[in-house]
Amino acid sequence: MNLDNFVARVERRNYALGGPMVLLSLLAGSQRFSLGVAVGVAVTCANFAFLARIRTTTAQELSAKRLAWLMPKLVLLILFTLGALLLIPMSPLGFGLGYLLFAFSIFIELARTAPPALPAPIHTSPNQP
């Protein structure tokens, strides 16, 4: 599996699932909940957009310094999440659901790109279980 293509597909899937998720939260939830979902989806989409850009430039130009880019990104993501939860009047549950979108996107892409399962072996001998 090509990791560059996988990250790009997850990024696109985040956009494709995130928009309807925010619209559905606007219809079904409160304003605080919808704001939380929107901010969570935006953070997830921005995270994967940044990962996709680092991954492609890293693979071509910065192969030795790949891990050096990931740690500051993680620290910034944690600080932004903490700041958003403290400063924006939103529902933490909505934010968590919006942020959880990345897990669904990864799961869908893994299921879509997984190799097919091998059939179970057929035993012809009556002595074998």
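Read-outs throughout are calculated quantities, based only on the coordinates presented, and are distinct from any laboratory measurement. Because the structure is predicted, anything quoted here is derived from the model rather than measured. Don't worry about glycine lacking a Cβ; one is built from the backbone with ideal geometry, like all the others, and counts go over all protein chains shown.
What order do you get for 21-34, 75-88 when each peptide is scored by the mean count of other beta carbon atoms within 10 Å, highest first? Walk me through the numbers on the way to the answer.
Values: 21-34: 15.6, 75-88: 11.9.
In descending order of packing, they fall as 21-34, 75-88.
Approximating the spin labels as points 7 Å out from Cα along Cα→Cβ, the PHE6-to-ILE88 distance works out to 2.9 nm.
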